[in-house]
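First comes the structure, then the notes that go with it.
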Amino acid sequence: MSATLPTAPPRRHPPTAAELRTDVWLAGGLLVAAVLSSWLGQVAGFFGDETPGLGWALVYSAAVTLPLALRRRHPEIVLIVVAIAFFAGATFHIPDLYVGQVALFVAMYTVGAWVDDRRRATFARVVVVVAMFVWLLVTMFQTATNPSGDGPSTAGAFSPMAAYMVIQFVINVFYFGGAYYLGDRAYATALAWTALEERTAELERERELTAAQAVALDRVRIARELHDVVAHHVSAMGVQAGAARMVLERDPAAARTALGGVEASARSALEELRQLLETLRTPDAAAAPADSTVRLSALADLVAHANDNGLPTTFTVVGEPAEPSELVQVNLYRIAQEALTNVRRHAGPGATADVRLRYDADAVELEVTNTGRVRADRPGLGLVGMRERAAASGGALEAGPRPRGGFIVRARIPLRAAVPA
């Protein structure tokens with residue numbers, strides 16, 4: 001039973017330096033607007049003799065606007081301070097009818113848009129909204145019961161006072177509902193952008209990793225091809241050169257024959273290297289040279305080459321020959337080539353080899369066995385390359401000492417298996 005690690009709740013990016021500077025400019029602009037609005041309201045006499053002095057209007061303007069400079073740093077505190085200043089200004093008849101409402105709207109919107117703790121954001125806004133409606137009801141009740149008779153009339157089934165109260169209620173619903181909704185929408189949009197940026201960065205990292213893996217796989221493939229081509233021919237040239245050196249004085253004709261084999265092996269190596277380089281230089285795989293003899297049909301020639309170079313080898317085909325894919329044929333040929341090269345290098349004098357190619361209904365199997373001694377040190381690059389070739393064709397390879405002596409290499413590859421990416 002595996003434990004699931006708790007995932008961190010989503011968070012939006014913290015405010016940038018440019019956004020924090022924008023808040024300062026916003027607070028300064030609203031301060032100027034609040035002072036101007038209060039002064040013009042006092043001149044216009046909105047509240048008559050109940051209007052306090054201009055000094056109180058300046059205090060109110062600073063209290064309701066300057067906290068917005070910190071609105072993204074401390075959203076909930078700013079909302080509470082602005083709301084208290086707004087309530088105080090409305091209660092004591094500060095003649096500002098618009099700027100304070102804008103400041104309160106911005107403060108409530110900011111809590112919804114920037115507080116990651118959504119429960120705390122909801123609580124702060126609900127408290128302010130409830131307090132606002134309680135204050136509104138108290139104010140309306142005082143106005144309706146005012147014995148002086150100021151304000152709308154209360155006479156009639158649906159009096160002007162009732163209409164005034166309905167208008168105030170609807171306006172405040174839309175006002176606070178809009179601030180609440182737009183804040184939540186801004187937060188959701190910010191989270192979506194954050195997730196998109198993280199996904200984009202993740203895709204970029206995956207693209208770089210994929211490119212690096214592709215380069216590494218190409219390097220491995222090139223190294224494997226070079227190893228198979230060079231090791232096979234160079235080992236044959238070594239055997240032939242050694243034979244030529246041993247019979248050079250007593251049998252010049254045999255020495256010339258061995259040196260001819262050296263020359264032929266060198267030409268074959270150069271030809272295969274040329275084909276490999278042309279394939280690597282061709283950007284389009286479909287346009288790559290297609291005249292290579294690296295096919296399963298060339299296994300007979302490979303066995304004949306081994307016999308010519310002093311390794312008695314037999315070749316047997318079992319079953320009805322099929323036509324595997326190009327990749328399967330090349331890889332099986334290279335596996336046989338590398339296996340015979342290892343026999344020539346490590347099995348010692350007097351070793352023999354046997355190559356069997358078996359066709360089943362759904363797979364092709366290559367088996368290379370040999371007599372002689374078994375290499376005791378750790379496996380070299382040849383075995384690694386053979387396993388990689390078998391895996392690249394969707395199959396598997398077995399390699400190891402035989403119970404009755406010698407070594408066995410067996411590769412089995414499905415004829416219609418999907419090659420793993």
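Each reported figure results from applying straightforward, stated rules to the coordinates on display, with no laboratory input. Computed from a predicted structure; not experimentally measured. Cβ placement follows ideal geometry from the backbone for every residue including glycine, while neighbour counts extend to all protein chains displayed.
Distant-in-sequence amide contacts of R71, defined by a placed amide H-H separation under 5 Å and a gap of 5 or more residues or a different chain, comprise nothing. Once backbone amide H atoms are built at 1.01 Å from N, I408 has G400, R402 as its partners under 5 Å, excluding neighbours fewer than 5 places away on the same chain. Here the Karplus curve 6.51 cos²θ - 1.76 cosθ + 1.60, taken at θ = phi - 60°, turns the phi angles of segment 389-395 into couplings of 5, 5, 5, 5, 8, x, x Hz, with x standing for Gly and Pro. Sequence-ordered 3J(HN,Hα) estimates for segment 50-57 from the Karplus curve with 6.51, -1.76 and 1.60 and θ = phi - 60° stand at 7, 6, x, x, 5, x, 5, 5 Hz, glycine and proline given as x.
Full extension of the chain segment joining Q101 with V173 gains 24.6 nm, where the gain is 0.36 nm per residue of separation less the Cα-Cα distance.
Rg and Dmax of segment 45-138, both derived from C-alpha coordinates alone, stand at 13.8, 46 Å. The residues F105, F92, when put in order of fewest to most other Cβ atoms within 10 Å, stand as F92, F105. Distance between the 7 Å Cα→Cβ label points at R245 and R185: 8.8 nm. Annotation for R21 and R358: the two label points, set 7 Å from Cα along the Cα-Cβ direction, are 7.7 nm apart. Fully extending the segment from W39 to D308, taken as 0.36 nm per residue of separation minus the present Cα-Cα distance, adds 85.7 nm. Coupling constants for segment 11-25 follow from the phi torsions by the Karplus curve (6.51 cos²θ - 1.76 cosθ + 1.60, θ = phi - 60°), and in residue order they are 9, 8, 5, x, x, 7, 4, 5, 5, 5, 5, 4, 4, 5, 5 Hz; glycine and proline get x. Close amide H contacts of A363 (hydrogens built in the peptide plane, cut-off under 5 Å, sequence separation of 5 or more or a different chain): L415. In terms of other Cβ atoms within 10 Å, H346, H93 run from fewest to most in the order H93, H346. In terms of other Cβ atoms within 10 Å, V328, V127 run from fewest to most in the order V127, V328.
When the Kirkwood radius is taken over all Cα pairs of segment 296-421, what Stokes-Einstein diffusion coefficient follows at 37 °C and 0.692 mPa s, in µm²/s? Calculated translational D: 224 µm²/s. According to the Kirkwood relation over distinct C-alpha pairs, the hydrodynamic radius of segment 17-205 is 18.3 Å.
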